[in-house]
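Take a look at the structure below.
The values are calculated or read from the model by the stated rules, or taken from the named source; none is laboratory data. Please read all numbers here as calculations on a predicted model, not as lab measurements. Quick reminder, even Gly has a Cβ in these numbers, built from the backbone with ideal geometry, and neighbours come from all protein chains shown. All accessible areas refer to the heavy atoms of the entire protein, side chains included, with ligands and DNA or RNA removed. Shrake-Rupley method; radii C 1.70, N 1.55, O 1.52, S 1.80 Å.
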Amino acid sequence: LIMKISVKNMSGESVTSIQLSDFVFSASMNSDLVQQALVMYQSNLRQGTHNTKTRAEVSGGGRKPWRQKYMNKARQGSIRSPHWRHGGVTFGPKPKDYRKSMLKKMRRTALRCMLSSKLRENKLIVIDGIDLESPKAKLLRDILNALGIERSALIVCEKPALNLILAAGNFSGVRTLPAALMNAHELLRKDYLLMTTDAIEKAEVIWGNNTDTIENSKETQSAA
């Protein structure tokens with residue numbers, strides 16, 4: 001099945017429409033799978049470089065602070081015991097690898113679920129192209145206002161555009177990505193999804209169904 005969505009220009013006017021693959025943009029929501037993908041992406045962002053020293057790693061403490069008996073004090077073996085100031089840390093964090101993995105098919109399904117969710121919620125906006133003359137925040141702000149985007153947004157293009165990346169860096173809620181690097185985590189973080197027509201076509205090639213591609217090619221050959 002093929003769906004259609006209107007394509008707007010940088011002034012916010014509808015200029016044409018584009019066909020969307022039902023396999024990519026009409027997937028049913030699988031909340032458990034999307035949550036699993038979110039946990040994976042967030043875990044993979046953790047560096048895991050936290051480290052605390054144990055009593056064997058801190059400096060000092062090579063002898064007893066005082067003799068064992070007749071001092072009217074509690075017995076102590078080292079000034080680097082965990083209950084001493086500047087002593088070692090008991091059960092403290094150590095370097096750890098937090099990385100998780102998911103099957104490729106599961107990651108792709110989670111992405112299709114989020115793309116379909118954005119479309120159903122009318123938060124997917126397709127634009128014919130974004131061509132900024134200079135990396136100025138005002139140019140990008142005018143485009144977002146014309147498209148009715150008032151909250152955070154993820155801008156997806158076919159390939160990285162330097163002026164767009166630099167302009168988006170002035171907004172805390174705006175992020176740009178090439179189509180090949182889209183994932184469920186980035187779609188969940190942003191309220192709106194702004195995609196160019198070239199990015200739509202590339203996304204359907206990467207995450208589309210093979211049968212859809214074969215049928216489309218057959219239709220093109222028959223029409224020719």
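Between the C-alpha center of the range 49-111 and that of the range 148-171 there is a gap of 43 Å. With respect to the chain, whose longest principal axis is taken over its alpha-carbon atoms, helix 104-120 is tilted by about 60°. With r defined as the distance between the Cβ atoms of Ala180 and Arg151 and R0 fixed at 22 Å, what FRET efficiency is calculated, to the nearest 0.05? According to the calculation, E is roughly 0.30.
Per residue, the average separation of C-alpha pairs within less than 8 Å and at least 6 apart gives the range 30-144 a relative contact order of 31 percent. Remark: the Ile18-Trp84 segment gains 16.9 nm on full extension, using 0.36 nm per residue and subtracting the alpha carbon distance. Taking amide H atoms as placed 1.01 Å from N in the peptide plane, the amide H of Ala153 lies under 5 Å from those of Val174, Arg175, Asp191, Tyr192, each 5 or more residues away in sequence or on another chain. Each residue of the range 190-206 was assigned a 3J(HN,Hα) from its phi angle through the Karplus expression (A = 6.51, B = -1.76, C = 1.60, θ = phi - 60°), giving 10, 7, 10, 10, 10, 10, 7, 5, 5, 5, 4, 5, 5, 5, 5, 6, 6 Hz with x at Gly and Pro. Axis angle, to the nearest 10 degrees, between helix 137-146 and the longest C-alpha principal axis of the chain: 60 degrees. Only one of the listed values, [x] 101, 42, 26; [y] 113, 55, 26; [z] 53, 40, 31, was derived from the coordinates as Cα extents along the principal axes in Å; which label is it? So the structure-derived entry is [x]. Build a GNM of the chain with springs between Cα atoms under 10 Å apart, and of Thr49, Thr109, Thr16 the one that fluctuates most is Thr49.
Accessible area ranking (1.4 Å probe, heavy atoms, ligands and nucleic acids excluded), largest first, for Met114, Met71: Met71, Met114. Ligands, DNA and RNA left out, the 1.4 Å accessible surface of the range 125-215 is 48% carbon and sulfur atoms. With the whole protein complex present, His50 retains an accessible surface near 60 Å², based on a 1.4 Å probe. Once the chain from Asp142 to Ala56 is taken as fully extended at 0.36 nm per residue, the excess over their C-alpha distance is 25.0 nm. The HN-Hα couplings worked out from phi for the range 34-49 by the Karplus form 6.51 cos²θ - 1.76 cosθ + 1.60 (θ = phi - 60°) are 5, 5, 5, 5, 4, 4, 5, 5, 5, 5, 6, 7, 6, 7, x, 9 Hz, whole numbers, x standing for Gly and Pro. The residues of the chain present an accessible area of 63 Å² per residue when probed at 1.4 Å with all protein chains retained. Between the listed residues Leu33, Gly48, Ser14, the Cα displaced farthest toward the positive end of the dipole of the chain, a dipole computed from Cβ unit charges relative to the Cα centre, is found at Gly48. Surface composition of the range 1-81: carbon plus sulfur atoms hold 47% of the accessible area, using a 1.4 angstrom probe and ignoring ligands, DNA and RNA.
A Förster distance of 35 Å, applied to the separation of the beta-carbon atoms of Thr197 and Leu45, puts the FRET efficiency at 0.70. For the chain, modelled as a Gaussian network with Cα springs under 10 Å, which listed residue fluctuates most, Val205, Val58, Val39? Evaluated over the chain, the most mobile residue of the options is Val58. Placing a label point 7 Å from the Cα of Glu121 along the Cα-to-Cβ direction, the residues of the range 140-164 whose backbone N falls under 15 Å of that point are 149-155. For the chain, leaving out every one of the GluC sites (Glu not before Pro) that falls in a DSSP loop and has at most 11 other Cβ atoms within 10 Å, the longest unbroken run is 151-224. Note on the chain: with a GNM built from Cα contacts shorter than 10 Å, the maximum mean-square fluctuation among Arg189, Arg112, Arg55 falls on Arg55. The alpha-carbon atoms of the range 118-158, seen along their principal axes, cover 34, 23, 14 angstrom, with the largest extent given first. Rounded to the nearest 5, the antiparallel percentage of DSSP beta bridges internal to the chain is 30%. For the cross-link pairs Lys4/Lys104; Lys96/Lys136; Lys8/Lys159; Lys73/Lys94; Lys96/Lys123, which exceed 30 Å when the distance is taken from alpha carbon to alpha carbon? From Lys4/Lys104; Lys96/Lys136; Lys8/Lys159; Lys73/Lys94; Lys96/Lys123, over 30 Å: Lys96/Lys136; Lys73/Lys94; Lys96/Lys123.
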